[in-house]
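See structure below.
The values are calculated or read from the model by the stated rules, or taken from the named source; none is laboratory data. Computed from a predicted structure; not experimentally measured. Cβ: placed from backbone, ideal geometry, glycine included. Neighbour counts: every protein chain shown.
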Amino acid sequence: MATELQMSSSADEVDFPYRALSRSAITSILLFIVALLGLIPPFEALLALAILGVVFAMLSLRSIRRYPNEFSGLGLAKFALATNALLLVGGIGLHTYVYLTEVPPGHVRVPFYKLKFDAEPDRPTQTAFELDGKDVFIKGYIHPSSGGGMLRQFVLVGDLGTCCFGGQPKSSEMVEVTLTGGQTIEGGMTRRKLAGKFTLNQVPRKQTDFDNAVFYRLKGTKVN
């Protein structure tokens, strides 16, 4: 009887060998989940993780097909490959569409780095002089020193480091924004899109709670 049980157990091991779930497939799924955040501005860069997700999914498929008796998870690997590829293509398409359509007609897109003067002493950039009096479109963050709640006037900076972790911004890193038409905007760490008339201060203006004067002003006519 004992001999029969031992033989039956050995047969089961042969018929149903243990196969490990592919770690590459699991990693690919995890990368897909994190890369989903790349659909939300300003985390577009996280979409690059979907590329790694595709790579890990392909490695998983290769391993499972080469060693079918050792690895399982073929369906999971195929799903990971499809979802990562779809996310990558769809995400790039989405952000490309937004980029091409977000600037209002008659406005000039202005990256914040074009306004920042890298040398010392700090002063307005050549781009700022060229934009003086023109309608511009700019993205940035409301500096916490501008206050909380619903704001009509605030200071805009270019990135979260300058906004919340970089101390006092330089004069060329700030834009004083005044919203027109009774508009207000809620303070916080969300990246904002603003359109309006850009003005270069002939005499730098001192702002409360800021060590440095402000070179640039914007009369905001459209907020998002």
Just to confirm my filter: which strands (runs of 3 or more DSSP E) fall fully inside segment 124-224 and include at least 2 residues that are surrounded by 13 or more Cβ atoms within 10 Å (Cβ to Cβ) and of a type in the set (Ser, Thr, Tyr)? 214-223
Where residues in segment 103-117 are loosely packed, with under 15 Cβ neighbours inside 10 Å and under 18 Å from the mean Cα position of the chain (by Cα), which of them is nearest to ILE40 (Cα to Cα)? PRO111
What pairs come out if I take residues in segment 129-151 that are outside the structural domain of GLN207 (by TED's automatic domain parsing) and over 24 Å from VAL203 (Cβ atoms) and pair them with residues that are of a type in the set (Asp, Glu) and buried (at least 18 other Cβ atoms within 10 Å of the Cβ) whose C-beta lies under 7 Å away, six or more apart or interchain? none
Condition first: modelled with pLDDT of 95 or more and in contact with a His (Cβ under 7 Å, 6 or more places away or on another chain). Can you find one or more residues in segment 159-172 that meet it? no
Filter segment 1-44 for residues that are acidic (Asp, Glu) and more than 27 Å from VAL98 (Cα to Cα); the one that is modelled with the lowest pLDDT is GLU4
What residue, of SER171, SER146, is in contact with a Gly (Cβ under 9 Å, 6 or more places away or on another chain) and not hydrophobic (A, V, I, L, M, F, W, C)? SER146
